[in-house]
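To start, the structure under review is shown below, and the notes come after it.
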Amino acid sequence: MSAGRLPLPDDASAGPELAAEYTAARKRTGGVMAILRAMGPRAEVVRAFLDMTEAVLYGPAALGRRERELLALATSEANGSGYSAEVHAALLEECGGGPDGSERDAALVAFARSLTLDPGEGPTAVAALSDVLSADEVHDAIAVVGLLNLANRAALATAIGTADDLS
């Protein structure tokens, strides 16, 4: 591989299984988000990421969708992941915006930043969040921050931007 940016899979380079994932993405959303390309050429990795994303961000949960998007945005901002921050800021707006100035929202943002920037202090961050949220809600928050840290690392490592989305 030459110096510079890692090539991203596209329609021309995708194997049959990855091409099927891209086709399914186009049916769902009208395009292939760059984050799916950043996950690489293995269809099973893309599928697992999509399944985890569906469960963590969009499926039934103790935390509401807006709160999960607030966590996603705070994590992305803490990581300096412009691509993910842009995507999740737009999704947060669709869910009602935020943070709303409440103690709950402030605790969620603080938790996302703390767990992202100093993961070794996770138990302390969990204890602080547990003062405001139920145990089930804290588990949801851990899952969102974990998922977004994975996505942010892939986005940052591959230097993706919204221009890398495929229509």
Whole-number percent relative contact order across the chain, with pairs defined as alpha carbons under 8 Å at least 6 apart: 32 percent
Gain upon complete extension [Leu150, Glu121; 0.36 nm per residue less C-alpha separation]: 8.6 nm
Crossing angle, helix 16-29 versus the chain [Cα axis fit, 0-90 degrees, rounded to tens]: 50 degrees
Distant alpha-carbon pairs in the chain (separation over 25 angstrom), percent: 33 percent
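Values in this text are rule-based calculations from the coordinates and carry no lab data. Since we're looking at a predicted model, the values are computed, not measured.
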